[in-house]
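Colleague: Sharing a structure here in structure tokens format.
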Number of protein chains: 4
Amino acid sequence: MSIIKDLVTANRILHNESVLFEAFGHVSVRNPENPNQFFLSRSLAPAQVKDEDIYVFDLEGKCLTPNHKKTFAEVVIHSEIYKHYPEVNSVCHNHAQQLIPFTVLDIPYKPLSHYGAMFYEGVPVYDSYDVSDGMIVRNQDEGERIASTLKNHKAVFLRGHGVVVVGENLKRCVLNSVFMVIDAENQYKCLQLGEPKYLSYFEGKTCDEKTWSMEMAQERAWNYWVSRVEEKVLTNY
Amino acid sequence: MSIIKDLVTANRILHNESVLFEAFGHVSVRNPENPNQFFLSRSLAPAQVKDEDIYVFDLEGKCLTPNHKKTFAEVVIHSEIYKHYPEVNSVCHNHAQQLIPFTVLDIPYKPLSHYGAMFYEGVPVYDSYDVSDGMIVRNQDEGERIASTLKNHKAVFLRGHGVVVVGENLKRCVLNSVFMVIDAENQYKCLQLGEPKYLSYFEGKTCDEKTWSMEMAQERAWNYWVSRVEEKVLTNY
Amino acid sequence: MSIIKDLVTANRILHNESVLFEAFGHVSVRNPENPNQFFLSRSLAPAQVKDEDIYVFDLEGKCLTPNHKKTFAEVVIHSEIYKHYPEVNSVCHNHAQQLIPFTVLDIPYKPLSHYGAMFYEGVPVYDSYDVSDGMIVRNQDEGERIASTLKNHKAVFLRGHGVVVVGENLKRCVLNSVFMVIDAENQYKCLQLGEPKYLSYFEGKTCDEKTWSMEMAQERAWNYWVSRVEEKVLTNY
Amino acid sequence: MSIIKDLVTANRILHNESVLFEAFGHVSVRNPENPNQFFLSRSLAPAQVKDEDIYVFDLEGKCLTPNHKKTFAEVVIHSEIYKHYPEVNSVCHNHAQQLIPFTVLDIPYKPLSHYGAMFYEGVPVYDSYDVSDGMIVRNQDEGERIASTLKNHKAVFLRGHGVVVVGENLKRCVLNSVFMVIDAENQYKCLQLGEPKYLSYFEGKTCDEKTWSMEMAQERAWNYWVSRVEEKVLTNY
């Protein structure tokens with residue numbers, strides 16, 4: 001199925017662009033043929049995911065793939081968001097290091113360049129961990145609490161841990177995830193010298209609708225990222 | 001035509017040096033055989049531009065290449081500058097991330113090392129967007145407003161977006177674009193510890209005239225950047 | 001012996017991940033068949049270590065490998081720690097540059113993300129050099145002073161020099177070493193904008209026990225790092 | 001001659017380690033067979049220097065190589081230092097970007113880690129340019145002024161431009177140049193959070209004499225840097 005191939009590519013892209021940082025984090029996509037299912041890799045470094053590592057899950061986070069290997073404890077982040085938000089068709093949980101300051105400091109991330117325009121509604125910070133789980137999201141209740149924090153935003157930060165980014169399709173979720181890192185890095189750098197002029201709500205919304213929501217922009221970015229992954233594959237293997 | 005080949009190389013160089021950052025931004029050159037025309041790629045990531053992707057445009061931003069594919073909405077930045085500044089023969093619009101702080105903070109970029117000498121007249125910030133266009137430059141009026149901000153400067157910052165850099169020829173425009181990023185990064189870093197000693201107006205002007213305006217310096221830099229692009233091509237393809 | 005092969009791989013990983021920075025630093029492992037011995041490379045850049053460069057040492061730091069070449073003066077760091085801490089089975093001394101601020105500033109490193117959870121007991125700073133040895137650890141007394149600073153911690157910083165990290169096995173020591181760098185970099189970056197919310201003692205301890213102590217997490221990370229080393233080898237040789 | 005080969009290698013190393021940054025900067029070595037001569041490449045990006053590009057110069061900066069191509073205007077930096085300091089046998093002029101803050105801010109560079117120990121006497125800043133030469137050193141008088149600033153130091157910063165580093169032999173000059181960048185970057189980073197504890201004069205001097213002055217340390221570093229250059233060559237050509 002082409003969606004499986006695209007999800008493998010998304011894993012490679014998001015790792016290659018330092019969003020799925022190191023050996024951890026994961027990206028999923030809703031099954032286009034059955035909205036009550038979604039695809040996600042087994043427990044594996046994103047850089048190493050291949051077609052056969054993509055499993056299918058239901059909205060309770062149960063793995064439906066027969067004879068499957070170990071899966072992610074954090075699958076509940078994905079299942080709960082798909083359950084509560086029918087318009088979301090792709091979810092990425094990552095630990096991009098440029099985002100960490102905005103999860104542990106009392107400074108809200110706000111877009112200041114067109115790269116971050118889609119986050120014009122802001123990004124809330126989740127900090128209601130089950131402390132007995134040690135900063136990792138392991139149970140359905142916690143997945144639901146994260147989902148209920150998302151609301152009309154396109155992402156939720158997890159304190160001292162990372163972020164959950166969503167999109168109406170896989171390529172949009174990848175674009176949102178990469179561009180958040182770019183723009184957050186800019187805000188971090190600007191704040192060291194002073195208070196920057198942020199995008200207005202209207203500027204962000206208009207830019208999101210007129211540019212990043214367009215298939216052409218998504219395709220240009222996706223094709224570029226694919227070419228980088230392919231370069232690497234050709235060089236290294 | 002050799003100018004087409006050089007423009008493709010300029011795209012590769014500017015991407016390779018992180019000036020044409022990610023999948024966006026563009027560089028153009030005036031047609032040496034017809035000053036009322038200029039060359040610019042179609043809508044494509046700069047890293048992927050090939051000879052057949054270079055189109056010819058008139059000074060109203062109209063694409064004259066027959067059967068052409070989708071072009072950049074922002075072509076008006078180029079056409080309006082060529083129309084108003086006959087001495088400008090190359091234009092680069094980029095989103096180099098090192099420049100963003102100087103577009104959204106109330107801190108003017110000023111050269112402090114010989115790398116930035118050519119910007120001794122300073123760099124104005126454009127902030128008169130058509131808000132209904134969402135931070136992207138899409139119409140001729142806005143292109144003209146940017147052109148009228150340029151005046152005797154060698155670049156104009158676009159708030160929360162990027163920069164437009166010009167040059168009297170293609171290699172000079174590439175050199176100006178790369179070196180601005182190097183010097184702006186230095187200013188950014190110095191300002192975190194204190195107020196640096198900047199180049200005097202006279203130091204900048206003299207360095208620009210005696211060093212960066214010399215074909216020898218431009219060629220040494222260009223040849224070096226070409227060798228880096230070629231290394232990459234040999235490695236990756 | 002497979003432990004030799006793993007130690008060579010650990011050298012490559014730690015260099016590849018910029019922990020064994022440049023041509024200096026070293027990692028060792030206790031002999032699983034004889035707790036009074038440990039393995040460590042001869043005096044060589046970690047990136048260049050091969051099987052035949054791994055020597056065996058006793059707990060006085062004496063090299064037992066016949067006809068050996070020049071060894072590290074700093075072997076005493078390893079021997080003294082193995083002598084005093086039977087539960088420690090691997091030691092890494094590195095100069096990762098991200099750690100230096102915490103060795104020379106009056107700011108204690110404290111974990112703020114799950115990456116640094118294992119350091120929930122904090123990391124003491126050693127600053128009792130034999131000044132006549134010029135910042136390098138060259139004698140057994142100094143090795144013992146460093147060992148006695150370690151206590152129940154998982155690492156000791158060396159002022160203006162680097163760090164010593166330990167683990168209950170080789171893969172754990174590698175993981176601790178890499179993740180300390182990631183988390184310390186985060187703390188450094190956050191402190192530029194304000195005081196971050198750190199992990200509580202309990203959060204760190206739980207995360208360490210429930211996640212990083214698990215063989216599955218250690219293996220996932222190790223396999224990922226190995227794949228990066230192999231890519232490089234395939235590309236470069 | 002083996003010194004020519006080593007000088008080519010030094011060019012590659014210093015570029016590969018981002019010391020001979022971009023297409024500019026140069027490194028020279030005194031002729032071991034004639035102290036009144038030294039070797040230096042023609043005007044070329046250091047990354048591109050080959051055996052045939054190495055020319056011989058006298059202590060007035062005159063090129064003695066017959067039928068030579070264009071040479072560096074800044075040759076006078078080298079010739080004047082060799083003339084005034086018989087114990088100096090290698091000179092590197094570079095624009096490593098990590099050093100620029102210490103050339104334009106009122107903050108002296110001081111070693112804080114063992115990497116920078118050899119600079120325990122401090123590094124003066126030269127700021128007596130012939131303004132009509134635009135930040136570039138073009139005449140013998142200015143070369144002499146720089147030489148007279150050096151005194152007992154191992155380097156001189158050039159305001160808004162770069163540095164001149166010397167060594168008693170080529171490998172030492174390379175090591176001094178690379179390690180200055182590492183240590184200056186550390187000082188820069190520390191100063192953003194507070195005042196670090198620097199090496200004492202005695203610590204620096206002892207470390208320099210007992211470690212970096214030893215042929216073994218110089219060889220270990222040199223061999224490591226050579227291996228990195230060779231990897232690149234094998235990959236890219």
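The values are calculated or read from the model by the stated rules, or taken from the named source; none is laboratory data. Since the model is a prediction, treat every value here as computed from it, not as a measurement. Quick reminder, even Gly has a Cβ in these numbers, built from the backbone with ideal geometry, and neighbours come from all protein chains shown.
Colleague: Step by step: first the residues of segment D:183-207, then only those that are among the hydrophobic types (A, V, I, L, M, F, W, C) and more than 7 Å from chain C (Cβ to nearest Cβ), then the one that is nearest to the chain's Cα centre (by Cα). Which residue is that?
Modeller: Of everything passing the filter in segment D:183-207, D:A184 is nearest to the chain's Cα centre (by Cα).
Colleague: If D:M216 satisfies all but one of (1) assigned to a helix (DSSP H, G or I); (2) hydrophobic (A, V, I, L, M, F, W, C); (3) within 8 Å of chain C (Cβ to nearest Cβ); (4) buried (at least 16 other Cβ atoms within 10 Å of the Cβ), what's the number of the condition it fails?
Modeller: Exception for D:M216: condition (4).
Colleague: What about B:V163, is it within 26 Å of D:F157 (Cα to Cα), out of contact with any Lys or Arg (no Cβ under 8 Å at 6 or more places or on another chain) and more than 11 Å from chain A (Cβ to nearest Cβ)?
Modeller: When the stated conditions are applied, B:V163 does not pass them.
Colleague: Based on what the data block shows, is C:S177 within 14 Å of another protein chain (Cβ to nearest Cβ) and surrounded by fewer than 18 Cβ atoms within 10 Å (Cβ to Cβ)?
Modeller: no
Colleague: Okay, moving on. I'd like to know if segment A:80-92 contains one or more residues that are hydroxyl-bearing (S, T, Y), in contact (Cβ under 8 Å) with a residue 12 or more places away in the chain and closer than 25 Å to C:W212 by Cα.
Modeller: The answer is no; no qualifying residue exists.
Colleague: Also: Give the residue, chosen from A:L170, A:L158, A:L150, that is within 26 Å of B:R42 (Cα to Cα) and more than 9 Å from every other protein chain (Cβ to nearest Cβ).
Modeller: Being within 26 Å of B:R42 (Cα to Cα) and more than 9 Å from every other protein chain (Cβ to nearest Cβ) holds for just one of A:L170, A:L158, A:L150, which is A:L170.
Colleague: For segment C:46-69, check the following and say yes or no: at least one residue is closer than 19 Å to C:V178 by Cβ and buried (at least 24 other Cβ atoms within 10 Å of the Cβ).
Modeller: So far as segment C:46-69 goes, yes, one or more of its residues are closer than 19 Å to C:V178 by Cβ and buried (at least 24 other Cβ atoms within 10 Å of the Cβ).
So that you can scan it fast, the table gives a plain yes or no per residue for (1) touching a helix residue (DSSP H, G or I) at 6+ places or on another chain (Cβ under 8 Å); (2) of a type in the set (A, V, I, L, M, F, W, C); (3) at pLDDT 95 or above:
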{"residue": "B:N152", "(1), (2), (3)": "no, no, yes"}
{"residue": "B:F157", "(1), (2), (3)": "yes, yes, yes"}
{"residue": "B:L170", "(1), (2), (3)": "yes, yes, yes"}
{"residue": "B:L175", "(1), (2), (3)": "yes, yes, yes"}
{"residue": "B:V178", "(1), (2), (3)": "yes, yes, yes"}
{"residue": "B:A184", "(1), (2), (3)": "yes, yes, yes"}
{"residue": "B:C190", "(1), (2), (3)": "yes, yes, yes"}
{"residue": "B:F202", "(1), (2), (3)": "yes, yes, yes"}
{"residue": "B:M216", "(1), (2), (3)": "no, yes, no"}
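Colleague: Taking the residues in segment A:103-130 that are in contact with an Asp or Glu (Cβ under 6 Å, 6 or more places away or on another chain) and aliphatic (A, V, I, L, M) as candidates, determine which candidate is farthest from the other protein chains (Cβ to nearest Cβ).
Modeller: Looking at residues that are in contact with an Asp or Glu (Cβ under 6 Å, 6 or more places away or on another chain) and aliphatic (A, V, I, L, M), I get A:M118.
Colleague: Separate question: Considering each residue of segment B:83-135, count those that are more than 21 Å from B:H161 (Cα to Cα) and among the aromatic types (F, W, Y), and give that number.
Modeller: Here is the first cut: in segment B:83-135, the ones more than 21 Å from B:H161 (Cα to Cα) are B:83-89, B:112-115, B:117-118, B:120-121.
With among the aromatic types (F, W, Y) added as a condition, the list becomes B:85, B:115, B:120.
Residues flagged as more than 21 Å from B:H161 (Cα to Cα) and among the aromatic types (F, W, Y) within segment B:83-135 amount to 3.
Colleague: Can you tell me which residues in segment B:26-40 are outside any loop (DSSP other than H, G, I, E, B) and out of contact with any His (no Cβ under 8 Å at 6 or more places or on another chain)?
Modeller: Within segment B:26-40, B:V29, B:R30, B:Q37, B:F39 qualify.
Colleague: Suppose the filter is in a loop (DSSP other than H, G, I, E, B), among the polar types (S, T, N, Q) and within 23 Å of D:R220 (Cβ to Cβ); does C:S43 pass it?
Modeller: Values: in a loop (DSSP other than H, G, I, E, B): yes; among the polar types (S, T, N, Q): yes; within 23 Å of D:R220 (Cβ to Cβ): yes.
Yes; evaluated as a whole, the condition is true for this residue.
Colleague: D:G134 versus (1) modelled with pLDDT under 95; (2) at negative phi: which is the lone unmet condition?
Modeller: Single failed check for D:G134: (2).
Colleague: Sticking with this one: Residue under question is C:E144, and the condition is that it be more than 18 Å from C:Y82 (Cα to Cα), among the acidic types (D, E) and modelled with pLDDT of 95 or more; does it hold?
Modeller: No, not satisfied.
Colleague: Here's a follow-up. Please determine whether any residue of segment C:223-232 is buried (at least 19 other Cβ atoms within 10 Å of the Cβ), assigned to a helix (DSSP H, G or I) and under 15 Å from the mean Cα position of the chain (by Cα).
Modeller: Checked segment C:223-232: no residue is buried (at least 19 other Cβ atoms within 10 Å of the Cβ), assigned to a helix (DSSP H, G or I) and under 15 Å from the mean Cα position of the chain (by Cα).
Colleague: With the requirement that a residue be surrounded by fewer than 24 Cβ atoms within 10 Å (Cβ to Cβ), touching a strand residue (DSSP E or B) at 6+ places or on another chain (Cβ under 6 Å) and either of a type in the set (D, E, K, R) or within 13 Å of chain C (Cβ to nearest Cβ) (or both), what does segment A:75-101 give you?
Modeller: Of everything in segment A:75-101, just one residue is surrounded by fewer than 24 Cβ atoms within 10 Å (Cβ to Cβ), touching a strand residue (DSSP E or B) at 6+ places or on another chain (Cβ under 6 Å) and either of a type in the set (D, E, K, R) or within 13 Å of chain C (Cβ to nearest Cβ) (or both), namely A:H95.
Colleague: Pull up segment C:108-131, narrow it to residues that are of a type in the set (S, T, Y) and closer than 22 Å to C:C173 by Cβ, then point me to the one that is surrounded by the most Cβ atoms within 10 Å (Cβ to Cβ).
Modeller: C:Y115
Colleague: Identify, please: which residue in segment D:20-62 is in contact (Cβ under 8 Å) with a residue 60 or more places away in the chain and touching a Leu at 6+ places or on another chain (Cβ under 8 Å) and is, among those, farthest from the other protein chains (Cβ to nearest Cβ)? Give the steps one after another, and end with the answer.
Modeller: Looking only at segment D:20-62, we keep the residues that are in contact (Cβ under 8 Å) with a residue 60 or more places away in the chain, and these are D:20-22, D:24-30, D:60-61.
When the remaining residues are screened for being touching a Leu at 6+ places or on another chain (Cβ under 8 Å), the result is D:20, D:25-29.
Details: D:L20: 11, D:G25: 12, D:H26: 12, D:V27: 16, D:S28: 18, D:V29: 21 Å.
Among them, the one singled out is D:V29.
Colleague: Related question: Could you list, in sequence order, the residues of segment A:1-22 that are part of a loop (DSSP other than H, G, I, E, B) and either of a type in the set (V, I, T) or under 21 Å from C:Y115 (Cα atoms) (or both)?
Modeller: A:E17, A:S18, A:V19, A:L20, A:F21, A:E22, listed by residue number.
Colleague: I'm checking my understanding of the structure. Among residues of segment D:160-182 that are within 10 Å of the chain's Cα centre (by Cα) and among the polar types (S, T, N, Q), which one is nearest to D:W212 (Cα to Cα)?
Modeller: D:N176
Colleague: For the condition within 20 Å of B:W222 (Cβ to Cβ), touching a helix residue (DSSP H, G or I) at 6+ places or on another chain (Cβ under 7 Å) and modelled with pLDDT of 95 or more, what is the one hit in D:G25, D:G61?
Modeller: None of the other options fit; the residue is D:G25.
Colleague: Now a separate question. Spot the failing condition for B:T65; the list is (1) under 15 Å from the mean Cα position of the chain (by Cα); (2) without any contact (Cβ under 8 Å) to a residue 40 or more places away in the chain, and only one is missed.
Modeller: Looking at each condition in turn, B:T65 falls short on (1).
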